[in-house]
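Everything below concerns the one structure shown next.
Where a number appears in this text, it was derived from the coordinates with a stated rule and is not lab data. Being a predicted model, the structure only gives us computed values, none of them experimental. Don't worry about glycine lacking a Cβ; one is built from the backbone with ideal geometry, like all the others, and counts go over all protein chains shown.
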Amino acid sequence: SDVLTLVEEASSHTTISYRPPELFEGGLRHGEANLDLRKVDVWSCGCILFGLMYGSSPFEIEFVRRSSSSLNGVEEEDVKVVECTQLRVLGRLPRPKAHTEMGKRYGVDMMDLVEGILVQDRLKRPSVEDVLEKVEGLIVKCGGQKRNRKDAGGSHKGGVIGGFGSGGNDDSDEDEENLFGSLLR
């Protein structure tokens with residue numbers, strides 16, 4: 001059947017730690033709505049973003065309390081790399097405790113963004129456009145400015161990204177670094 005072929009194809013050509021739940025055996029049922037591959041890509045991008053933040057996919061990591069736990073009264077956590085399994089992908093997304101150094105590294109907004117992307121239910125998972133809107137909102141919140149960007153059809157849409165693509169402005173690299181640095185804190 002088409003569903004089995006799709007699942008087999010996914011297992012042959014994707015890494016388990018970046019594969020969304022619907023592409024595991026039993027994740028799709030015969031007669032269900034068509035698979036939106038753009039939402040599959042959204043899931044994978046969420047895994048990549050988490051990996052950029054913490055050094056591993058969200059399903060190959062655990063945040064564990066450091067044994068010599070308290071430095072200046074702040075609880076510390078370490079990252080523990082674990083084996084990725086289908087059950088891990090179907091389980092709860094690991095999240096560092098907000099009051100720890102690891103939790104403060106990127107802030108609550110970035111972790112909320114990742115959690116908002118890695119929604120198990122493919123029908124409730126945000127679209128690419130939804131994710132872009134959330135990212136733009138975070139950039140504006142961190143001091144970015146609105147600018148116009150062209151979509152594929154040539155019309156203009158509102159967008160944000162500090163001085164991105166400003167061309168002749170010599171300070172644009174520094175502005176972008178400050179903008180993205182504040183977003184990641």
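Laid out as a table, the results:
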quantity	calculated
Total formal charge among the other residues, if their Cβ is under 14 angstrom from that of VAL81, Lys/Arg +1 and Asp/Glu -1	-3
Pairs beyond 24 Å (Cα-Cα), from LYS104/LYS141; LYS80/LYS141; LYS39/LYS134; LYS39/LYS104	LYS80/LYS141; LYS39/LYS104
